[in-house]
Amino acid sequence: MGAGLAVAEMLTCDVEQWGSRKNITRLAHSANGGLHAVQIAGAEPRMMAEAARQHADLGADIIDINMGCPAKKVLKKAAGSALLKDTSLVAEILHQVVAAVDVPVTLKIRTGWCPQTRNGVEVARIAQDAGVKLLTVHGRTRECRFVGAVEYDTIREIKAAVSIPVIANGDIRDARTAHQVMQYTGADGVMIGRAAQGHPWLFRQINHFLATGEELPDPGLAERQSTLLTHMQQVYALYGEFKGVMFARKHVGWATEDLPGSDHFRKQFNQVNTPALQLQSVEHYFDALINQKEVAS
């Protein structure tokens with residue numbers, strides 16, 4: 001792989017709201033360098049174009065437009081996957097955003113609004129005609145949210161209909177599945193979402209399998225401990241002590257859910273309310289697991 005990709009969280013296209021603490025955090029650039037992509041959401045073409053322009057002026061290397069989010073807070077503003085019901089508005093937004101910036105514009109969609117109106121192929125063609133450089137497709141409709149089988153057939157149809165790169169998304173939880181999805185759909189890559197929560201090594205496992213056909217095992221306990229502790233410190237640095245502690249609970253839960261005694265550990269961990277004590281708790285938990293494994297062997 002080439003340069004790293006640092007992706008900010010989805011931002012409203014209303015630039016007047018960017019001054020909130022929450023959105024300032026979302027504007028933060030990665031300290032690791034690499035490309036910086038910003039995802040925007042909204043339903044008003046001129047506001048979307050202006051948001052894209054300002055992000056590009058702030059240093060964004062890629063503007064990603066979200067037309068795939070099924071969250072109610074996004075849908076009530078007729079944004080996200082709600083836009084898939086109105087292809088003329090989709091076209092207007094894409095044309096105005098592409099015209100507003102000199103950096104590449106990418107798009108994420110679902111296969112349609114509901115199973116009866118899967119118009120992903122139509123939207124993909126609209127995106128390509130508007131100048132969108134890459135398309136990511138989550139293989140469910142908005143109505144399906146995250147329930148039911150992923151429509152890899154629809155992603156395959158979309159890939160066949162356009163010449164721009166297509167990225168497949170949805171229920172890709174391991175390296176072998178990533179390979180199978182790419183082989184079946186013809187997609188140029190895969191996007192990983194929830195499966196990477198607590199398992200950041202999934203990306204290297206996928207890259208290794210695609211390159212060699214060999215499966216990499218999960219890392220050992222010592223590496224998992226080190227990775228999690230580093231991640232927690234980054235969470236505190238980004239969100240501050242109070243919110244950092246709250247967010248760390250989620251990440252520690254994901255990172256330990258498949259380990260021995262994790263239910264009891266997480267109940268205790270969630271009562272801890274300072275970064276120092278959280279880090280100490282995680283360190284002691286993993287140290288105990290490592291010692292148990294050494295004794296057993």
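What are the extents of the Cα atoms of the stretch 238-293 along their three principal axes, listed from largest to smallest and rounded to whole Å?
35, 19, 18
So for the pair Ser88, Arg173, with labels modelled 7 Å out along Cα→Cβ, what separation do we get in nm?
My value for the distance between the label points is 4.3 nm.
Can you tell me how much longer the chain between Trp201 and Ile164 gets when fully stretched, taken as 0.36 nm per residue apart minus their C-alpha distance, in nm with one decimal?
Answer, rounded to one decimal: 10.5 nm.
Calculate the tail of P(r) for the stretch 89-141: the fraction of all Cα-Cα distances greater than 14 Å, expressed in %. Don't jump to the answer; show the numbers that get you there.
On the way: 677 of 1378 pairs.
More than 14 Å apart: 49 percent of the Cα pairs in the stretch 89-141.
Between Ser226 and Asp102, what FRET efficiency follows from the Cβ-Cβ distance if R0 is 30 Å, with the result rounded to 0.05?
Numbers: r = 40 Å, r/R0 = 1.35.
It comes to 0.15.
Among Gly261, Pro217, Ser281, whose Cα lies farthest out toward the positive end of the dipole of the stretch 170-297, if unit charges sit on the beta carbon of Lys, Arg (+1) and Asp, Glu (-1)?
Ser281
Using 0.36 nm times the number of residues separating Glu215 and His284, minus their current alpha carbon distance, what extension gain do you get?
Stretched fully, the Glu215-His284 segment lengthens by 21.8 nm.
Please list, ordered by chain and number, the residues whose modelled amide H lies under 5 Å from the amide H of Gln39; skip anything fewer than 5 residues away on the same chain.
Ala8, Leu11, Asp64
Report the gain in length on full extension from Gln116 to Phe146: 0.36 nm times residue separation, minus Cα-Cα distance, nm rounded to one decimal.
9.1 nm
I'd like the trypsin sites (Lys or Arg not before Pro) in the stretch 144-198 restricted to DSSP loop residues with at most 14 other Cβ atoms within 10 Å, sorted by number.
Hits after loop and neighbour filter: Arg145, Arg173.
Rule-based calculations on the coordinates, nothing more; no lab input. A quick note: this is a predicted structure, and the numbers were derived from the prediction, not measured. Don't worry about glycine lacking a Cβ; one is built from the backbone with ideal geometry, like all the others, and counts go over all protein chains shown.
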